[in-house]
Amino acid sequence: MHEITGSTRIMAILADPIHHVKTPQGINRLMRERGIDAVMVPWHVAPEGLAEALQALRGMRNFDGCIVTVPHKTAVPGLCDELTPGAARIGAVNVVRRLPDGRLRGGMLDGNGFVAGLRREGIEPRGRSAYLAGAGGAASAIAFALAQAGVSRLTIANRTPAKAQQLIDRLAPDFPAIAFMQGTDDPSGHDLVVNATSLGLNEADALPLDVSRLTADQTAAEIIMQPVETRWLAAAREKGCRLQHGAPMLACQIELMAAFMRGEPE
Ligand SMILES: NC(=O)c1ccc[n+]([C@@H]2O[C@H](COP(=O)([O-])OP(=O)(O)OC[C@H]3O[C@@H](n4cnc5c(N)ncnc54)[C@H](OP(=O)(O)O)[C@@H]3O)[C@@H](O)[C@H]2O)c1
């Protein structure tokens, strides 16, 4: 940790609970590597204190921005002064920038991190067909980012089908060139297969999709980071699929979130 002085810029991460977060280490390492005089600190903020905490940031001139995580992602959009188009469409914020005049701009970079992680591994989603399991917060962000990246077709399958349909209805008007549809647990016929449900966090969880339908020409992508290789990803390996693990999504997000908070061009 470099010395904190009167000119050090401040960033924070807001969560409840907070002890498990790993992002401060990542952001602080990045600041050190780049020789930037800025630090990130953890703020344990419960939902009832959220509005007050964000209001206080408007007057804090050495504050660059904050990362927002569980359980605040969907409450923060209503507390920002402006949102990026992605955050507005998804209805969730995971990063906030304090603008020079004190206004707060909310962004949502989960999906951008996922797509950047794919590209870092040499996987380009443009023009490819994608199957997405899940329609929760992370899945919504990934669906938006895959659409923005120019997939040709996006199939969304979710335990609660109405949520998959709502997500399709929100995205389809902005992306008329993309064929959106609701799917079953069968991922066949898609180039890219993504698990964005929370299934796999626990060993006893059911598989998020029918792994017997996977084929060697597909890329299987996971967003869960622990365990490093979930059961369905191990099954995809057996089938000869190309694998994308969960960690690159967060690694790429660290850089994207730092850039957003520090006011670099979006
Ligand atoms: N790598 C990263 O950087 C990164 C970033 C963000 C999140 N994540 C991971 O993404 C996962 C999802 O997070 P989230 O914020 O999107 O959660 P969320 O909003 O609660 O959504 C959970 C999703 O999983 C589905 N699901 C949950 N339990 C299920 C079950 N028993 N059977 C079938 N479907 C089930 C839900 O379906 P229903 O709609 O039917 O409930 C929903 O689609 C978490 O594991 C989180 O750790 C990773």
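The values are calculated or read from the model by the stated rules, or taken from the named source; none is laboratory data. Being a predicted model, the structure only gives us computed values, none of them experimental. Cβ: placed from backbone, ideal geometry, glycine included. Neighbour counts: every protein chain shown. Calculation scope for accessible area: heavy atoms of the full protein, side chains included, ligands and nucleic acids excluded. Shrake-Rupley method; radii C 1.70, N 1.55, O 1.52, S 1.80 Å.
Of the residues making up the stretch 121-155, those that are under 24 Å from residue 69 (Cα atoms) and either within 15 Å of the ligand (Cβ to nearest atom) or in contact (Cβ under 8 Å) with a residue 60 or more places away in the chain (or both) number 16.
In the stretch 200-213, what residues are surrounded by fewer than 22 Cβ atoms within 10 Å (Cβ to Cβ) and either touching a residue at least 60 places away in the same chain (Cβ under 8 Å) or more than 14 Å from the ligand (Cβ to nearest atom) (or both)?
Scanning the stretch 200-213 gives 211, 212, 213.
Only one of the numbered conditions (1) within 16 Å of the ligand (Cβ to nearest atom); (2) free of Cβ contacts under 8 Å to residues at least 12 places away in the same chain is violated by residue 101, and that is (1). Residue 88 satisfies every condition listed in (1) among the small types (Gly, Ala, Ser); (2) at pLDDT 95 or above; (3) away from the ligand (no atom under 16 Å from the Cβ) except (2).
Residue-wise test of (1) more than 30 Å from residue 93 (Cβ to Cβ); (2) open to solvent by less than 60 Å² (accessible area, probe 1.4 Å); (3) within 11 Å of the ligand (Cβ to nearest atom).
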position	(1), (2), (3)
192	no, yes, no
216	yes, no, no
222	no, yes, yes
235	yes, yes, no
245	no, yes, yes
263	no, yes, no
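Looking across 229, 255, one residue alone is acidic (Asp, Glu), open to solvent by 20 Å² or more (accessible area, probe 1.4 Å) and away from the ligand (no atom under 13 Å from the Cβ). It is 229.
The residues of the stretch 163-173 that are more than 9 Å from the ligand (Cβ to nearest atom) and open to solvent by 10 Å² or more (accessible area, probe 1.4 Å), listed by number, are 165, 166, 168, 169, 170, 172, 173. The residue pairs whose first member lies in the stretch 220-245 and is among the small types (Gly, Ala, Ser), whose second member is loosely packed, with under 14 Cβ neighbours inside 10 Å, and whose beta carbons are closer than 7 Å, counting only pairs six or more residues apart or on different chains, are 240/216.
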